[in-house]
Amino acid sequence: MIEGETQGRDIHEEAAAWVVRAERGPLSEAETRALEAWLAESDRHGAAYAFAQATWNDLGRLGGSSSDAAVPADGGGDAVVPFKARPRRVARRRLWQGLAASVLMVAAIGGFNRFAGPAADYQTAVGEVRSVSLPDGSTVHLNTDSAIAVRYDPGHRHVALLRGEAVFAVAPASGAPRPFTVEAGETRARALGTRFLVRAYEEDTVEVAVLEHRVEVTAEGGGQGASAVVVDAGQAVRHGEGTGIGPVRRIDGARAAEWRHGRLVFDQLSLARAVAELNRYRPERIVVLDAALAERRVSGVFRLNGLDDAVDVIADELDARTLRLPSMITVLY
């Protein structure tokens, strides 16, 4: 099942997969040999496996907290783990085992591939926000877990957003015109003014929001939407890979990049979306285990240096319960 797949994968993800497999039934002889060989490769493998087992056991506490017969619909890595109703005759142990499997895998893969991709000239770690000055005097404000590569030549200023989110404050070109362009996947944003934001989402969608003046957004790869549009201050567009550019919409420019000032602002945001935002800034994952809870609305202003407190505030506001596995995951249910 897992033999030969360790190269290039996170050890904790591998360990979690083994624990989930072992808890679902006896291993075959071949699987047992493969697990023993994997554990013998490194002391780190054994430590990761022991940690995953301990986490599994801790998650068993959830088995006594639910009176409804419900199990996760799938074991994916989303922040919200949906439930399907099951007959009450299903054993409680089976219920929490399915739940624990989902949460354990979410925790294990949460930080995987954060730093994948081309080499970056500037980047931030999870939870870090920083500003950098480019050779022409332009400034880039990098949000959490973001990276850019800079390629300047005499006729053009080109920046690639490799991941994450950044605000670009563009300095006027001295001498001959030198267009300033930001590339994110198949999306190109050419500055026609001074200040704009580009965010690359994990689902191959890019958003461009203009804070001052205008930006020309172009898209490669075809699709059903527009291939080019000029976006004015206080407007934003999204481009999905292969779908073209979506409609221009109004935004609150003052709130579009509150993270630059060390805070997050939620205004009647669903808990699912609020958790997705919080997870961008925290190495420890937050998981919502109830679909109805995930749709509840959240409002508040939260400091980036106090997001652990934000989780408690949100839980109190929504009358939700929490389970914390230190340095790994917080469960809302």
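Which of the strands (runs of 3 or more DSSP E) contained wholly in the stretch 276-333 include at least 1 residues that are of a type in the set (S, T, N, Q) and touching a helix residue (DSSP H, G or I) at 6+ places or on another chain (Cβ under 7 Å)? Answer list for the stretch 276-333: 322-325, 329-332. Condition (residue is assigned to a loop (DSSP other than H, G, I, E, B), at pLDDT below 95 and crowded, with 18+ Cβ neighbours inside 10 Å) applied to the stretch 93-111: is it met by at least one residue? Yes, the stretch 93-111 contains at least one residue that is assigned to a loop (DSSP other than H, G, I, E, B), at pLDDT below 95 and crowded, with 18+ Cβ neighbours inside 10 Å. Just one of the numbered conditions (1) under 18 Å from Glu128 (Cα atoms); (2) in a helix (DSSP H, G or I) is not true of Arg273; which one? Against the list (1) under 18 Å from Glu128 (Cα atoms); (2) in a helix (DSSP H, G or I), Arg273 comes up short only on (1).
Residues of the stretch 122-144 that are among the charged types (D, E, K, R) and at pLDDT 95 or above: Glu128, Arg130.
For the stretch 137-189, the strands (runs of 3 or more DSSP E) that sit wholly inside it and include 3 or more residues that are in the same structural domain as Thr243 (by the TED database) and of a type outside the set (A, V, I, L, M, F, W, C) are 147-153, 156-169. Evaluating Val230 against the criteria (1) modelled with pLDDT of 95 or more; (2) of a type outside the set (Phe, Trp, Tyr); (3) more than 22 Å from Ala169 (Cβ to Cβ); (4) surrounded by fewer than 16 Cβ atoms within 10 Å (Cβ to Cβ) leaves one unmet condition, (3). When the residues of the stretch 157-206 are narrowed to those that are of a type in the set (Asp, Glu) and at pLDDT 95 or above, which ends up surrounded by the fewest Cβ atoms within 10 Å (Cβ to Cβ)? Taking the candidates together, the pick is Glu183.
Restricting the stretch 121-136 to residues that are free of Cβ contacts under 8 Å to residues at least 40 places away in the same chain and part of a loop (DSSP other than H, G, I, E, B), the residue that is nearest to Arg303 (Cα to Cα) is Glu128. All conditions in (1) surrounded by fewer than 20 Cβ atoms within 10 Å (Cβ to Cβ); (2) at pLDDT below 90; (3) closer than 18 Å to Glu207 by Cβ hold for Leu325, with the sole exception of (3).
Within the stretch 194-207, the set of residues being touching a Lys or Arg at 6+ places or on another chain (Cβ under 8 Å) and of a type outside the set (Gly, Ala, Ser) comprises Thr205, Val206, Glu207.
The values are calculated or read from the model by the stated rules, or taken from the named source; none is laboratory data. Computed from a predicted model, the values in this text were never measured in an experiment. When we count neighbours, we look across all protein chains shown, and the Cβ atoms used for this are built from the backbone with ideal geometry, even at glycine.
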